[in-house]
Amino acid sequence: MKLKFNLLKKKENFWRQLSTIIFRVSFVSCLVLFIVDYLIPGFVTNWFNPIWLLIVALISGLIVVIFKE
Amino acid sequence: MQKPLLKIVTLILILSAIGLGIWLINKNFFQQLVIKSIPEKNQPMLSTLGPQDRVRIENDYQLILDSPVYFDLRTLPWFSRLRISLIYRPAGRELEGVGWQVGPGFQYQIKEPILSRSLADGWQEAIFDLDLTKVYQQKNVKRFLISTLAAEGQERGELKIQSLELTVER
């Protein structure tokens, strides 16, 4: 029973760590792209909508909060 | 087991972000870029023709019913020349020219094509060459118009547009 509990916790930690990485990378990328597009309008948004990265960051951020230790 | 996997995932994500940056730089520093108008579809770089009550879509062709009709181009500051290729067929309306906004409000300068030639089945091609540095812009949006004239003796007519292709050059 104890072993099962530990396995579950380890799994939770893995998803939390993975979500933390995804959150950091997507949030920083989104921020950088927004700044670049603010300085040179159209540089990013003519080709790619950085809102998608913000959505990914939000979802991963929510997972981090839900799986909080 | 999980730590190396997380490291690999981190590496993949960081490389993807760098790849996205390189892809954007590559896309924006082309020597020239061709943008084609798609009926009823606002593209990030090129808007549809408007206002809507002056344009009708019929069998993938855009019909200009009244003059002028406008379109917006969102381009980057290092592109200085614009070539517009317009393939059209007059049906009660003639093409007068293409204009660009020179100041706030309704301030446009209209230019006749530098090259005009006849194609098969009554279609005609008009090519315009414009200096983008002289176009008034708000943020990165430059507005253009297509001016048409009703043919003599015809009150209601249309100008059928087969394709509107814009080439921006550095």
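Every number in this text was worked out from the coordinates using simple rules, so none of it is lab data. What you are looking at is a predicted structure, and each value in this text was computed from that prediction instead of being measured. Glycine gets a Cβ as well: all are built from the backbone with ideal geometry, and neighbour counts include every protein chain shown.
Here are the numbers for this structure:
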{"read-out": "Elements of type strands (runs of 3 or more DSSP E) in the stretch B:2-99, at least 3 residues being crowded, with 17+ Cβ neighbours inside 10 Å", "value": "B:61-64, B:69-74, B:81-91"}
{"read-out": "Out of B:Asp66, B:Asp72, sole residue that is within 30 Å of B:Gly105 (Cβ to Cβ) and more than 14 Å from every other protein chain (Cβ to nearest Cβ)", "value": "B:Asp66"}
{"read-out": "B:Ser47 being hydroxyl-bearing (Ser, Thr, Tyr), more than 10 Å from every other protein chain (Cβ to nearest Cβ) and over 21 Å from B:Trp123 (Cβ atoms)", "value": "yes"}
{"read-out": "Filter result for the condition that a residue is within 10 Å of another protein chain (Cβ to nearest Cβ) and of a type in the set (Lys, Arg), over B:Lys36, B:Lys3", "value": "B:Lys3"}
